[in-house]
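The values are calculated or read from the model by the stated rules, or taken from the named source; none is laboratory data. Note that this is a predicted model, so its numbers are computed, not measured. Positions of Cβ are backbone-derived with ideal geometry, glycine not excepted, and every protein chain shown enters the neighbour counts. Accessible surface areas use protein heavy atoms only, side chains included; no ligands, DNA or RNA. Shrake-Rupley method; radii C 1.70, N 1.55, O 1.52, S 1.80 Å.
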Amino acid sequence: MTGGSPIYASSSSTKGLQLDNVNGAAVVKTSGSLYWTYSATGSSLSTLNYINRCKVVKYLNVEESSPYSYKPLSFGDTPSTTYWSLTKGGNLKTTANSPYGVVSDFVVCGGPQWKVYLQTGTDLPSSQTGQYCETTTLTLQ
């Protein structure tokens, strides 16, 4: 099991921003509040928080129904995405058994809270949303 440290974005506009959960959406922002846990069993990636002394676990999932090559990331109560790979000091990526093969590129759009997408091709959300977008990697420190 890996975990505890923040996951950071590395693109020019988002360098040093942390992956976080904002109302179920995956974003990178100036300060994250998540304790990450990763287990090779099932390859799911989850967060652990305590809210009012209650343990709250949320799983990072890919919204695969998107028709575009960028797939929104969201947090849910169950792990629908079970093909993450993550090591301390390494980049977050999908494994070879994912529908996309091994992918370690992400797209971030907006700001100051940048929405995060898994990039499986070349489409960019900016063509749909009009927001500024750029590619990045996500690294566990």
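Filter the stretch 89-141 for residues that are part of a helix (DSSP H, G or I) and not β-branched (V, I, T); which is most open to solvent (accessible area, probe 1.4 Å)?
It comes out as Q128.
Name the residue, out of Y100, Y83, Y70, that is touching a strand residue (DSSP E or B) at 6+ places or on another chain (Cβ under 8 Å), under 19 Å from S10 (Cβ atoms) and of a type outside the set (D, E).
Y70
Across the stretch 44-87, what is the total count of residues that are in a loop (DSSP other than H, G, I, E, B), at pLDDT below 85 and touching a Gly at 6+ places or on another chain (Cβ under 9 Å)?
Result for the stretch 44-87: 0.
Those residues that are under 25 Å from K15 (Cβ atoms) and either modelled with pLDDT of 80 or more or out of contact with any Phe, Trp or Tyr (no Cβ under 8 Å at 6 or more places or on another chain) (or both), I need them from the stretch 28-43; list them, please.
Across the stretch 28-43, the qualifying residues are V28, K29, T30, S31, G32, S33, L34, Y35, W36, T37.
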